[in-house]
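Here, each number is a calculation from the coordinates, and none is a lab measurement. Every value quoted in this text rests on a predicted model; they were computed, and no experiment measured them. Cβ coordinates were reconstructed from backbone atoms using ideal geometry, including for glycine residues, and neighbour counts include every protein chain displayed.
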Amino acid sequence: MKDCLFCKIAAGEIPSDCLYQDEQIYVFKDINPQAPVHFLVIPRAHLDSAAQIDETNSAVVAHAFEVIARLAKEQGLESFRLVSNVGESAGQSVKHLHFHVLSGRDMTWPPG
Ligand code: AMP
Ligand code: ZN
């Protein structure tokens, strides 16, 4: 999608610290980490948020979760938090579906 930051990152038009990529998804370090480990997992195909997931596009979400589990294992993450903010009130600042993976510190619940 034109003028979407994460579409441009996935396309390599804006630099990022890439951890993994394949034909469906792109994984990169968050530029403003909120934990010692903080990376983002995005589909290459633009969706505004998790609210747009439906039967026509949900396969990429299953794939993303498989890769998240694999990367967590490879990085030795015993515990991690998986977050997807939907809408501004929930804290979404970039309107391209992304999953935050946070780890490396104790976390509190409920989130703010
Ligand atoms: P959210 O606020 O849930 O929409 O998450 C967006 C995330 O993208 C934030 O954690 C930002 O720090 C991160 N972010 C914004 N711009 C970049 C960038 N150019 N490279 C990496 N992460 C970014
Ligand atoms: Zn996009």
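To test your reading of the geometry: what angle, between 0 and 90 degrees and rounded to tens, separates the Cα axis of helix 59-74 from the longest principal axis of the chain?
For 59-74 against the chain, the angle is about 30 degrees.
On a full-extension model of 0.36 nm per residue, what is the gain between R105 and E13, subtracting their alpha-carbon distance, rounded to one decimal in nm?
Extending this stretch completely gives an extra 29.9 nm.
I need the shape label for region 70-112. Rule: rounded when a/c is under 1.5, else prolate if a/b > b/c, else oblate, with a, b, c from the alpha carbon gyration tensor.
Oblate, because a/c is 1.5 or more while a/b does not exceed b/c.
Using the Cα centre as the reference, give the magnitude of the dipole from point charges on the C-beta atoms of region 6-97 (Lys, Arg: +1; Asp, Glu: -1; all else neutral), rounded to the nearest 20 debye.
Magnitude of the dipole: close to 180 debye.
Which whole-number value in Å³ per residue fits the convex hull of the alpha carbons of the chain?
Normalising the Cα hull of the chain by residue number yields 111 Å³.
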